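Report on the following structure.
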Amino acid sequence: MNVRSSGIGMTSERTRARMVERLRAAGIRNERVLAVMQEIPRHVFIEEALASRAYEENALPIGLGQTISTPHIVALMTELLCENGPPARVLEIGTGCGYQTAVLGRIAKEVYTVERIQPLMDRARRTLRDLRFFNIIFKHADGHFGYPEGGPYQGIIATAASTHIPEELKQQLAPGGRLVLPVGTAEQYLHVVDRTESGFQETRREAVRFVPLLPGVA
Ligand code: SAH
């Protein structure tokens, strides 16, 4: 057991149970999503100085100007992604610390995750390996272009806000697949795009607040 998964982990199960109760109270209904979030030690994805705050509804810094998504937004986006059943193959844009990746990794058979900041991707890879996730494939790239080699996907999720819905992501959806992503700049909304047999169906959902999806790699 390494430093980050010892000590604090002993008390965090109850803290996680409280987090899950808050998610329920906020309207999250998918039992699989709730069970997975009860199980995954969110604090090990966050640097130790902030780990005691890991279960609060805060977007905590994860370094390099990026933030971990709040428990509620992770639950909401995962629930939306799974509305028509758990997707077998998922693409995630914006690995960050890898917490959302882990949640997806317990629900989908395979997760492809793309991150543009190499040190963040390397750290997420280590964290997920320490937690013994073996169904996650990482790519250091600009996620605007998706990850065509791994597709088509039953689910695609972006955890950074795009100015528009990238056509490449839509094209990498399998028929019946769903894309969930934040769109906008100053004002952002979650968008859901379903690929049907005949085309695409788009719905605008709640207002959200994400870091921007940036071009290129770092
Ligand atoms: N789900 C992550 C969210 C991190 S914030 C978590 O909870 O930790 C969003 C992430 O998207 C950042 O790590 C940022 O570097 C990444 N990102 C931004 N633009 C990107 C792009 N074009 N391609 C891939 N990743 C991108």
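Tabulated values for the structure
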item: Fluctuation leader among 24, 106, 14 - the chain, Gaussian network, Cα springs under 10 angstrom; result: 14
item: Interchain or long-range residues, amide H under 5 Å from residue 117's placed H; result: 218
item: Amide hydrogen neighbours beyond the local backbone of residue 211, cut-off 5 Å, H modeled; result: 161
item: Theoretical FRET efficiency, 1/(1+(r/R0)^6), r = Cβ-Cβ of residue 202 and residue 48, R0 35 Å, to 0.05; result: 0.25
item: Contact order relative to length of the stretch 62-208, as percent, for alpha carbon pairs under 8 angstrom and 6 or more apart; result: 19 percent
item: Part-to-part distance (alpha-carbon centres) for the stretch 188-218 and the stretch 39-75, which is given in Å; result: 22 Å
item: Cα coordinate range in the stretch 98-147, projected on the principal axes (Å, largest first); result: 25, 21, 14
item: Max mean-square fluctuation residue, GNM over the chain, Cα-Cα springs under 10 Å, options 99, 189, 153; result: 189
item: Expected 222 nm ellipticity per residue - DSSP helices of 4 or more, -39500 (n - 2.57), all of the chain, to 500; result: -9000 deg cm²/dmol
item: Share of carbon and sulfur in the accessible heavy-atom surface of the chain [1.4 Å probe, %]; result: 53 percent
item: Share, in percent, of DSSP beta bridges within the chain that are antiparallel, nearest 5; result: 45 percent
item: Convex hull volume per residue in cubic angstrom - Cα atoms of the stretch 107-192; result: 105 Å³
item: Rg/Rh for the chain, where both radii come from Cα atoms and Rh is the Kirkwood radius; result: 0.94
item: In degrees, nearest ten, helix 9-25 long axis to first principal axis of the chain (Cα); result: 40 degrees
item: Per residue accessible area of the chain, 1.4 Å probe, in Å²; result: 46 Å²
item: Sites residue 31 and residue 130, calculated FRET efficiency, Cβ-Cβ separation with R0 25 Å, nearest 0.05; result: 0.40
item: Listed residues 179, 104, 128, most fluctuating in the chain (Gaussian network, C-alpha, under 10 Å); result: 128
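The values are calculated or read from the model by the stated rules, or taken from the named source; none is laboratory data. Since we're looking at a predicted model, the values are computed, not measured. Quick reminder, even Gly has a Cβ in these numbers, built from the backbone with ideal geometry, and neighbours come from all protein chains shown. Accessible surface is based on the protein model in full, side chains and every heavy atom, while ligands, DNA and RNA are left aside. Shrake-Rupley method; radii C 1.70, N 1.55, O 1.52, S 1.80 Å.
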